[in-house]
Amino acid sequence: MIKVIFWPIIGLLTVLGMVLNMAHAAQLAIVIDDFGYRQHNEMAIINLSDNITVAVLPNATHAQQIATYAHEHGNEVIIHLPMAPMGKQPLEKDTLFPDMSQTEIDRIVTDAVNKVPYAIGVNNHMGSLMTASLSGMDKVMLTLSQYDFFFLDSRTINTSKVPQAAATYHMPVLSRNIFLDDSMKEADIAAQFELAINFARKHGHAIAIGHPYPATVNVLTQKLAQLPADITLVKLSQLLPLPLSLPHSLPQPTPQPTLGDILGGLKTDSAALFAEWFIQAQSLDKY
């Protein structure tokens, strides 16, 4: 009789442990910027996980090809929209500036959308000058509001006006939490990855942004293979604060279980385990 009771209890505890892990796992989203120039590294990143989001520069040499490759492998694609920085740096073609007219911004953004197939959102490439300008970002958001997009603020400046501008047009916004590879030393990138994990544990989720550098590829290969049990790698869109209507051609993100689902499942599993115990007990009584 002891065995009959013991095994269902072990099963129940196992189910309970799995439920608690699902309920408390922190979510980590990884976005890799500057896609479109380094196909070998970019394909390696895509092949690591279909939960890594790729941000494609619209005027990069291989923009369309790499966006298509990513989509075919189940990765989410966003447009890495070039925006003006504070400092003097080499700029991508059609970099957005705050003093551009609405017509010019419309042209640049529309062209970017056409050059990056399967995009479901946008983030800024550089942009410390542009994203700090409310009037400039208001023009960008007006154009983007024509699409079913969300905006990931790369947070290249603390005074970003992205949330304020996006709110006017009811556009969902996410914000970067950790940069992985400001330093291209593997030890530094690994330390930043651990920082992202700790941030996710503390806040429930984290968004980390990196680049297709060889060192970043190496670190991600190692770290994702050893991801802690309490951390779940998720698609970027799964962190959106509100449901987003994605284009019908894209695979929809797997819904995350609600607390009601978890408790309901636990109740069902518990009932099943008790029924199994009862049947076994009855059977043993015959012998």
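The numbers here are math on the coordinates, done by the rules we state, and not lab data. Note that the structure is a prediction, hence the values are computed from the model and not measured. Glycine also receives a Cβ, built like all others from the backbone with ideal geometry; neighbour counts cover every protein chain displayed.
Conditions (1) touching a Lys or Arg at 6+ places or on another chain (Cβ under 7 Å); (2) under 24 Å from residue 174 (Cβ atoms), marked per residue:
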position: 71; (1), (2): no, yes
position: 76; (1), (2): yes, yes
position: 81; (1), (2): no, yes
position: 85; (1), (2): no, yes
position: 91; (1), (2): no, no
position: 110; (1), (2): no, yes
position: 116; (1), (2): no, yes
position: 124; (1), (2): no, yes
position: 136; (1), (2): no, yes
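Within the range 197-241, being more than 30 Å from residue 62 (Cβ to Cβ), outside any helix (DSSP H, G or I) and in contact with a strand residue (DSSP E or B) (Cβ under 7 Å, 6 or more places away or on another chain) holds for 204, 205, 230, 231, 232. Consider the range 150-172 and keep the residues that are under 14 Å from residue 81 (Cβ atoms) and touching a residue at least 40 places away in the same chain (Cβ under 8 Å). The one that is surrounded by the fewest Cβ atoms within 10 Å (Cβ to Cβ) is 156.
Listed by first and then second residue, the pairs linking a residue in the range 208-220 that is without any contact (Cβ under 8 Å) to a residue 60 or more places away in the chain to a residue that is part of a helix (DSSP H, G or I), with Cβ atoms under 7 Å apart and 6 or more places separating them unless they lie on different chains, are 215/186; 215/189; 218/186; 219/186; 219/189; 219/190; 219/193.
If you go through the range 95-111 and pick out every residue that is surrounded by 16 or more Cβ atoms within 10 Å (Cβ to Cβ), more than 18 Å from residue 156 (Cβ to Cβ) and within 28 Å of the chain's Cα centre (by Cα), you end up with 4. Filtered by the rule that a residue be at negative phi and in contact with a strand residue (DSSP E or B) (Cβ under 6 Å, 6 or more places away or on another chain), the range 122-140 gives 122, 123, 124, 125, 130, 131.
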